[in-house]
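One structure is given below, encoded as structure tokens.
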Amino acid sequence: MSKDITEQELEKLVAYLDGEVSEQEAIEVEQALSNDESTRERVDGLERAWEMLDRLPISRASEEFTDKTLSSIRTVQLEAQAAEDQQPSGFGMTKKTRAQLRKVAISAGWIAGLACSIFLGYLITNQWVPDESDPLIRELSFIENLDTYSEVQSLEFLEELTKSGTFDETAQQ
């Protein structure tokens, strides 16, 4: 009289016994229990199995077993990490090489940014702070003829020369 039960139905029965089903699913299981003898037998069998499991003594793993297991796991993780580090990925570079290249690229970016900041600071400062030689350059022709101008005794003397036409003769030559 025992009918084969699907794995999905068995999971639902186990979840029902554990109290892990929704209200709707609990109603469905209870209806199946009231209507189907094989389902009731299956649930009774599951309950007996749990009771027997509860009676078994709980065994503990020894410290040595725990240490060996954890050591084995760590060894496997380290081997996998070493293999991954050695395995070439994008552009045929290892993970370590990519990390070093990334550090170099970041450093180069900082250096370029600093150089641009210095250059920009120089340009801005150069525009705001006047150069002391600018007035000298504007007055260069005066400075070059300063000796000639020093010989002039007064402004009136220059006006007399202009009236006499001396400058006109020099300009024509």
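The values are calculated or read from the model by the stated rules, or taken from the named source; none is laboratory data. Bear in mind the structure is a predicted one, so any value in this text is a computation, not a measurement. Cβ atoms come from the backbone with ideal geometry, glycine included; neighbour counts cover every protein chain shown. Note: accessible area is taken over every heavy atom of the protein model, side chains too, but ligands, DNA and RNA are not part of it. Shrake-Rupley method; radii C 1.70, N 1.55, O 1.52, S 1.80 Å.
Do we find that GLU51 is under 30 Å from THR6 (Cα atoms), in the same structural domain as LEU13 (by the TED database) and in contact (Cβ under 8 Å) with a residue 12 or more places away in the chain in this structure? For GLU51, the condition - under 30 Å from THR6 (Cα atoms), in the same structural domain as LEU13 (by the TED database) and in contact (Cβ under 8 Å) with a residue 12 or more places away in the chain - is not met.
Looking only at residues in the range 32-66 that are among the polar types (S, T, N, Q) and either within 13 Å of LEU13 (Cβ to Cβ) or outside any helix (DSSP H, G or I) (or both), the one that is nearest to the chain's Cα centre (by Cα) is SER62. Of all residues in the range 85-135, those satisfying the criterion of being polar (S, T, N, Q) and open to solvent by 100 Å² or more (accessible area, probe 1.4 Å) are GLN86, GLN87, GLN100, GLN127.
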